[in-house]
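Next up is a structure, given as structure tokens.
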Amino acid sequence: MSPDDAGPGDRLPPSYPPADRPAEPEESTGPGEESHPRRGGWFRETALVLVTALVLSVLIKTFLAQAFYIPSGSMEDTLAVGDRIMVSKLTPGPFEVDRGDVVVFVDPDGWLDAPRPDPRTGWQKGVTDVLTFIGLLPQDAGQHLVKRVIGVGGDRVACCTDEGLLTVNGESIEEPYLKPGTTPSTNEFDVVVPEDHLWLMGDNRTNSEDSRAHLGDPGGGMVPVESVVGRAFVTLWPLDRMTLLPGAEDTFAEVPDRP
């Protein structure tokens, strides 16, 4: 069959470029002509990602959660010296502070001693402060403390029963979170918590200057709810201590309504 006799479906498409025309060479770019735009795009994208991450970190730290460093043993064995914890800022706020919660709060009235001199140089402190502000480093305790909520507004908290237990609204409580070998309290007290205040105690009762140690202060050892930064809900570091920090609802389950 000759090409002239071939049907439309039998015809081969013409070659491209035509056989009698040599293919035109593709235009090449000189060295570096495309590298600068690509490099500039990469820098812009990287900068955008970093700025977005920093903004999100600041927003999370400001409104949702913040990391803190534990400097003392007042909450052992629940929290150990050097632990890094994450604190939810939704409590107080959308969620109320409950008995049994572990909370971080601002020193209400001289609970802490004067801060020790900072050994860091100016630039070291500046870098640390910036990284802490944006949430990349945990907040040092500074003027913050961490304790467990034992009584909320309206509660009557007393110590101790003949068995050596605390009572809340007349109901004695077993406290499984106490450091082994410690007692609920070595000194007696009987207080009524004002509204919008908290009675706070450490889990290591023999090594915790908590509400008991400030009964003689103007505030009577009570901490305003507004001083609470948030509720600790997880230990992040070190890895072998990573764990959730649930409340102690079972401990206070039988506590009656406030009198």
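Determine which member of the set Gly142, Gly82 is part of a loop (DSSP other than H, G, I, E, B) and at pLDDT 90 or above.
Every option except Gly82 fails the conditions.
Now for a separate question. Test of understanding: among Gly221, Gly230, which residue is outside any strand (DSSP E or B) and either in contact (Cβ under 8 Å) with a residue 24 or more places away in the chain or farther than 17 Å from Asp101 by Cα (or both)?
On inspection, the qualifying residue turns out to be Gly221.
Could you say which residue among Thr206, Thr251, Thr183 is without any contact (Cβ under 8 Å) to a residue 60 or more places away in the chain, in a loop (DSSP other than H, G, I, E, B) and either among the acidic types (Asp, Glu) or surrounded by 12 or more Cβ atoms within 10 Å (Cβ to Cβ) (or both)?
Just one listed residue meets the conditions, Thr183.
Within region 189-197, identify whether any single residue is farther than 26 Å from Phe233 by Cβ, assigned to a loop (DSSP other than H, G, I, E, B) and modelled with pLDDT of 95 or more, and answer yes or no.
Yes, region 189-197 contains at least one residue that is farther than 26 Å from Phe233 by Cβ, assigned to a loop (DSSP other than H, G, I, E, B) and modelled with pLDDT of 95 or more.
Also, quick follow-up: Being surrounded by fewer than 16 Cβ atoms within 10 Å (Cβ to Cβ), at pLDDT 90 or above and closer than 22 Å to Ser211 by Cβ: is that true of Asp101 here?
The answer is no for Asp101.
Please work out if Arg258 is of a type outside the set (Asp, Glu) and assigned to a loop (DSSP other than H, G, I, E, B).
So Arg258 passes the test.
The values are calculated or read from the model by the stated rules, or taken from the named source; none is laboratory data. Quick caveat: nothing in here was measured; it's all calculated off a predicted structure. Counting neighbours? That spans all protein chains shown, and the Cβs are built from the backbone with ideal geometry, glycine included.
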